[in-house]
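The values are calculated or read from the model by the stated rules, or taken from the named source; none is laboratory data. What you are looking at is a predicted structure, and each value in this text was computed from that prediction instead of being measured. Glycine gets a Cβ as well: all are built from the backbone with ideal geometry, and neighbour counts include every protein chain shown. Just the protein is used for accessible areas: all its heavy atoms, side chains included, with ligands, DNA and RNA removed. Shrake-Rupley method; radii C 1.70, N 1.55, O 1.52, S 1.80 Å.
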Amino acid sequence: MKQRLITGIVAGALFLGLCFLGGWPYQLLLIGMALVGYYEFVKMTGTATFGGTAVLGYVSILCFMIPWDLLGVQKFLSWEQGVWLLLLLFLLVTVFSKNKLDIKITALMFTGIVYIGMGFSYMATARAAGDGHGLFWTLLLLCCIWGSDAGAYFVGRSLGKNKLWPAISPNKTIEGALGGVFISAVISVAFALFVPDLLGIGRALLIGMSCAVLGQLGDLVQSAYKRVYGIKDSGSLLPGHGGILDRCDSWIIVFPFVHIVMLMPYI
């Protein structure tokens, strides 16, 4: 617990400090986290971490994450075009390797790129929000996610009786999940009351509940992957906490979701 606490304080201070700075420092941090997360994903699946498909994955992650606007370069491909071309490349890998790298492996690698690359990319998008309030939106989503985690843990420990999804995560309870949704909604409403010109109560509730529900589902997704491969943590970068994917599994689901369904007012 001591190690976990120290790691949490140091890593949290570094992350939030760079988040407050924004710009290149925060962008480089997210790029590093995305690359490490993809490394953990590849290693978890048992694929060579620096084999051909993995290297293609790292390059693809960089393409997702490079802040073209900060470089003054206009994007030459849309999201849809980029994802389709990436899919084509991975399909061709199976052909040119003569099925030494079969469709199961390349499909996994492709899934990891979209899952991790788009997740961290949308975190960068939130911080660079076009309305100039990127820090507010980023902190709103992060606080809702963290509040949901805390609410689910403490409510689950004190009131939890009914298992939520024992086949994937045996310790989670329905009561804890509902507690997480409630705490996240309270936090989002508090943000709305603090800056009413930016966020209305109704939209705040939708964002808060979405963060809690999608965040908990993101955690279950990661638990499902780890259960399939028989591992406890995705990595060991953060002593006492596991790897990047262990800590960011909710983030990389929530940030894309709230943007894609257009819950963020600045879209």
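Taking all protein chains into account, the per residue accessible area for region 1-90 stands at 57 Å² (1.4 Å probe).
Arg247 contributes about 90 Å² of solvent-accessible surface, heavy atoms of the protein only, 1.4 Å probe. Take region 149-254 with all the other protein chains still there, run a 1.4 Å probe, and you get 52 Å² of accessible area per residue. With pairing defined as another cysteine C-beta under 4.7 Å, the cysteines of the chain that fail it are Cys19, Cys63, Cys143, Cys248.
Helix screen, the chain: DSSP H segments with Cα axial length of 27 Å or more and mean Kyte-Doolittle hydropathy at least -1.0 are 2-21, 23-45, 134-159, 174-194, 201-229. Among the listed pairs Lys163/Lys226; Lys2/Lys226; Lys43/Lys98; Lys2/Lys104; Lys75/Lys232; Lys75/Lys226, those whose Cα-Cα separation exceeds 30 Å are Lys2/Lys104; Lys75/Lys232; Lys75/Lys226.
Residues Glu80, Glu175, ordered by accessible area of protein heavy atoms at a 1.4 angstrom probe radius and largest first, appear as Glu80, Glu175. Among the protein heavy atoms of the chain, carbon and sulfur supply 70% of the accessible surface, probe 1.4 Å, non-protein parts ignored. Remark on Lys172: its backbone amide H falls under 5 Å from those of Leu164, Trp165, a criterion applied only to residues 5 or more positions apart or on other chains, H modelled at 1.01 Å from N.
Sorting the segments 48-56, 115-123 by their mean number of nearby beta carbons within 10 angstrom, highest to lowest, gives 115-123, 48-56.
A full extension of the chain between Arg203 and Gln74 corresponds to an added length of 43.3 nm, given 0.36 nm per residue minus the alpha carbon distance.
Can you tell me how region 1-158 classifies by the Cα gyration tensor, rounded, prolate or oblate, using a/c under 1.5 as the rounded cut? Oblate shape, in that a/c is at least 1.5 and b/c is the bigger or equal ratio.
To the nearest 10, the accessible area of Lys75 is 120 Å² with a 1.4 Å probe.
Measure out, as a whole number of angstrom, how far apart the alpha-carbon centroids of region 86-117 and region 174-189 sit. Going from one Cα centre to the other spans 38 Å.
For Ile174, the shell of other residues with beta-carbons less than 10 Å away shows a net charge of +2, using +1 for Lys and Arg and -1 for Asp and Glu. With a/c under 1.5 counting as rounded, go ahead and sort the chain into rounded, prolate or oblate using the C-alpha gyration tensor (a ≥ b ≥ c being the square roots of the eigenvalues; past the cut-off, prolate if a/b is larger than b/c, else oblate). Cα axes put the chain in the oblate bin. Note on Ala11 and Ala224: the model spin-label points, each 7 Å out from Cα along the C-beta direction, lie 2.4 nm apart.
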